[in-house]
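Q: One structure follows; several queries about it will come next.
The values are calculated or read from the model by the stated rules, or taken from the named source; none is laboratory data. None of the values given here were measured: they were computed from a predicted structure. Using ideal geometry, Cβ is built from the backbone for each residue, glycine included, and neighbour counts are taken over all protein chains shown. Ligands, DNA and RNA are excluded from the accessible area calculation, which covers all protein heavy atoms including side chains. Shrake-Rupley method; radii C 1.70, N 1.55, O 1.52, S 1.80 Å.
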Amino acid sequence: MIYVRPIPLADAARPEGALPLAGGPLFFDRVEILERGRAPAVLPAAELDAATLAPLTAPRPPVAGLAMGRPQIMGILNVTPDSFSDGGRFAALPEALAQAEALVAAGADILDIGGESTRPGAAEVEPAEEIRRTAPVIERLRGQGIAVPVSIDTRKAPVAEAALIAGADLVNDVAALTWDAGLAAVAARREAPVCLMHAQGTPQTMQADPRYDDVLLDVYDWLAERIRAAEAAGIPRARIVTDPGIGFGKTLEHNLALLRRLSLFHGLGCPILLGASRKRFIGTLADEPSADRRMAGSVAVALAGAAQGAQILRVHDVRETRQALILWQAVTREAAETAAERRQA
């Protein structure tokens, strides 16, 4: 099987014939051809047929009301006692509501609310307890007039159902509909978008010597299969987001391999969500053991993801990520406009 990775233009200049990447603000004019057991090859995009180019260039439909033509920031709100970065800080309802409001004020385009930690080694939470932690927060947010989309971060059908009733808009499942057979039916019946994330193993086992034949292509194939399963369950591709699952059953080298070629996943025809904020590999590379002091590294990874066309950036540090994106976009936009003017002169 041949895999085609669009190579985004890094300097923002748009050569004649450059193609839009997934309908967004980036362009590409070359692709990397990947095949198991063979060295990668780079070809001009113009040499590919229309059917091969279609999933790489087609605009993505809006997800939960958010346009997918630019990077959107998903603010993380963990209402748990044991999340790896901020466990316990927002477990009580008043603190959770205050943090949600702060994330929106800082520029979050969507909130991701989770009531079960999925850090390595975390224990499973009963659905009733997860509902108790999450549904009241969502209901109160809606009651206070906060209108930004809300994602429920859960593997469980009852939790997703309660959250959607309370006002959530999207189901973010770290198990990609494999943990609870009923979750796909809930999302299909309620016409809710879903994010399908790759993970090898469960939170209890995922970091116990994860192995792949080829992490990039193995994750791609697994997500392609999960997209087909979601479609068979009645969830159209237009309502599916994919996430390669940085840190979920991956070593440092696995994470870097996925990040370096993240644009491959545009070939699935769905928006890409990147969730790398404050994760262990950042601390390992930057020699920073404290998760809440990994903001700079997290922003750097988020920008690297945006430069490969990721449509949703799931982050703890919303204000800093928003500022970095604004500056990055302003600089590259000016560079692109200057290059266009030179070509026209």
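Q: Check Leu164 against each of (1) open to solvent by less than 60 Å² (accessible area, probe 1.4 Å); (2) touching a Gly at 6+ places or on another chain (Cβ under 9 Å) and name the one condition it does not meet.
A: Exception for Leu164: condition (2).
Q: Then there is this: Mind checking which residues of region 147-156 are aliphatic (A, V, I, L, M) and closer than 14 Å to Pro193 by Cα?
A: Passing the criteria: Val150, Ile152.
Q: Within region 20-35, take every residue that is of a type in the set (A, V, I, L, M, F, W, C) and farther than 17 Å from Leu303 by Cβ and give me the one that is nearest to the chain's Cα centre (by Cα).
A: Ala22
Q: Only one of (1) part of a strand (DSSP E or B); (2) open to solvent by 60 Å² or more (accessible area, probe 1.4 Å) fails for Ile73. Which number is that?
A: Condition (2) is where Ile73 drops out.
Q: Please verify whether region 133-147 includes one or more residues that are within 18 Å of the chain's Cα centre (by Cα) and in a loop (DSSP other than H, G, I, E, B).
A: So far as region 133-147 goes, no, none of its residues is within 18 Å of the chain's Cα centre (by Cα) and in a loop (DSSP other than H, G, I, E, B).
Q: Name every residue in region 112-127 that is in a loop (DSSP other than H, G, I, E, B) and modelled with pLDDT of 75 or more, in order of residue number.
A: Scanning region 112-127 gives Gly115, Glu116, Ser117, Thr118, Ala123, Glu124, Val125, Glu126.
Q: Please list, ordered by first then second residue, the pairs with beta carbon atoms under 9 Å, 6 or more apart or interchain, first in region 172-186 and assigned to a helix (DSSP H, G or I), second basic (Lys, Arg) and crowded, with 16+ Cβ neighbours inside 10 Å.
A: What qualifies is Leu183/Arg155; Leu183/Lys156.
Q: Here is a follow-up. Tally time: how many residues in region 240-257 are surrounded by fewer than 23 Cβ atoms within 10 Å (Cβ to Cβ) and part of a helix (DSSP H, G or I)?
A: 4
Q: Okay, next question. Considering each residue of region 1-27, count those that are touching a residue at least 60 places away in the same chain (Cβ under 8 Å), on the phi < 0 side of the Ramachandran plot, open to solvent by less than 70 Å² (accessible area, probe 1.4 Å) and not charged (D, E, K, R), and give that number.
A: Qualifying residue count, region 1-27: 9.
Q: Say whether the condition of being within 19 Å of the chain's Cα centre (by Cα), surrounded by 24 or more Cβ atoms within 10 Å (Cβ to Cβ) and either among the acidic types (Asp, Glu) or assigned to a helix (DSSP H, G or I) (or both) is met by at least one residue in region 190-210.
A: no
Q: Counting only residues that are over 19 Å from Ala330 (Cα atoms) and of a type outside the set (A, V, I, L, M), which one in region 1-22 is modelled with the lowest pLDDT?
A: Within region 1-22, the match that is modelled with the lowest pLDDT is Pro15.
Q: Are there any pairs, at least 6 apart or on different chains, whose C-beta atoms fall under 6 Å, with the first in region 255-282 and on the phi > 0 side of the Ramachandran plot and the second assigned to a loop (DSSP other than H, G, I, E, B), and if so, which?
A: Arg278/Ser85; Arg278/Arg294; Arg278/His316
Q: Taking the condition of being open to solvent by 10 Å² or more (accessible area, probe 1.4 Å) and among the β-branched types (Val, Ile, Thr), how many residues in region 289-314 meet it?
A: Residues that pass the stated criteria total 2.
Q: Condition check: at positive phi and either free of Cβ contacts under 8 Å to residues at least 40 places away in the same chain or touching a Phe, Trp or Tyr at 6+ places or on another chain (Cβ under 9 Å) (or both). Does Gly65 satisfy that?
A: Spelling it out, it is not the case that Gly65 is at positive phi and either free of Cβ contacts under 8 Å to residues at least 40 places away in the same chain or touching a Phe, Trp or Tyr at 6+ places or on another chain (Cβ under 9 Å) (or both).
Q: In addition: Only one of Ala98, Ala160 is in a helix (DSSP H, G or I), in contact with a strand residue (DSSP E or B) (Cβ under 6 Å, 6 or more places away or on another chain) and of a type outside the set (Val, Ile, Thr). Can you tell me which?
A: One residue alone meets the criteria, Ala160.
Q: Kindly provide the set of residues from region 28-51 that are touching a strand residue (DSSP E or B) at 6+ places or on another chain (Cβ under 6 Å) and open to solvent by less than 50 Å² (accessible area, probe 1.4 Å), ordered by number.
A: Once the filter is applied, which keeps residues that are touching a strand residue (DSSP E or B) at 6+ places or on another chain (Cβ under 6 Å) and open to solvent by less than 50 Å² (accessible area, probe 1.4 Å), region 28-51 yields Phe28, Val31, Glu32, Ile33, Leu34, Ala41, Ala45.
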